[in-house]
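Structure first, commentary second.
Every read-out reported here was derived from the displayed coordinates using simple, explicitly stated rules and does not represent laboratory data. Not measured: the values here are computed from a predicted model. Every residue, glycine as well, gets a Cβ built from its backbone with ideal geometry; the counts of neighbours run over all protein chains shown.
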Amino acid sequence: MKAKVRATAQKLVNLYRQAHVIIGEWATVNPIFINEADDSVIQEIAELPTGKMLIKHIENLRSGKTPMNSIERELLPYGGMMVGETVASINLTDEQWAELEHGIVNFVPTQEGLDAFTALNVVNRFGEEWQNAISVLVQTKPYLHEKWVTVSHTFNAYRLWNTANEIISAPLTDRVRAQVQAEMPDYETYLPMFGDAGNELLNKLRTFIAV
């Protein structure tokens, strides 16, 4: 039961951090917060990164202070930088745009290609949140969207591949189990991209967290 509560808490925090790329954004995720964040889940959320902000947001929703299709600006994850309506605040020079477009258009979906892309100066500008920042930026450049999806999927695939290998080679804690359970749909989406090796790793991961 405790593991299920932790998995739910991790899922809600993931939704909170990724609301900007979910269809319907806050109108979609806010009802999920209301329905699934009972007292035990709230206690677990408080222990997770950005959890206290999410708890305040849920309180605002329940009190009626915040409409079900919105969020208070001060509670936006990433300081609001990743919200589509603030895309104009992410300013790139012509040279930076040229570097970004060239990197996306010529991207090769391998680990080497990913390393080359993440080494670009324009990507490094955004630090650890480069994927979210560029996802917002390409909204203004529809012709880049398809190639950007390839970049994003490649990053997710290798991130999850590396994370899964780390998980199965280390002692399993309840918190790690909860996080893996919450992210299992992502593992099931991306690990098969690695063929037989990916499917074998996925099966190991399922067995590992089921113990």
Handout entry: Simple spin-label estimate for residue 172 and residue 149 in nanometres, 7 Å along Cα-Cβ
Key = 3.4
Exercise for the section: Evaluate E = 1/(1 + (r/R0)^6) for residue 193 and residue 43, where r is the Cβ-Cβ distance and R0 equals 30 Å; express this FRET efficiency to the nearest 0.05. Expected result: 0.25
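State to the nearest 20 debye the size of the charge dipole of the chain about its Cα centre, where the only charges are +1 on K and R beta carbons and -1 on D and E beta carbons.
Working: 18 positive and 26 negative charges, 132 e Å.
Computed about the Cα centre, the dipole is about 640 debye.
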Handout entry: Selection from 135, 55, 167 lying farthest towards where the dipole of the chain points positive, charges on Cβ
Key = 55
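Taking segment 90-210, how much of its Cα-Cα pair set, in percent, is spaced more than 20 angstrom apart? Before the final figure, lay out the partial values.
On the way: 3520 of 7260 pairs.
In whole percent, the long-distance tail amounts to 48.
With +1 on each Lys and Arg Cβ and -1 on each Asp and Glu Cβ, and nothing else charged, work out how big the dipole of segment 90-210 is about its Cα centre, in Debye to the nearest 20. Could you put the intermediate results ahead of the total?
Numbers: 8 positive and 16 negative charges, 68 e Å.
Computed about the Cα centre, the dipole is about 320 debye.
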Practice task
Compute the relative contact order of segment 90-210 as a whole-number percentage, counting only Cα pairs closer than 8 Å that sit 6 or more residues apart in sequence.
Solution key: 22
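What is the percent of Cα-Cα separations in the chain that go past 28 Å?
Above the 28 Å cut-off, the chain has 38 percent of its Cα pairs.
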Handout entry: Residues 68, 193, sorted so that the one with the fewest Cβ neighbours within 10 Å comes first
Key = 68, 193
Completion exercise
Computed about the Cα centre, the charge dipole of segment 2-83 from +1 Lys/Arg and -1 Asp/Glu charges at the Cβ has a magnitude in debye, to the nearest 20, of 120
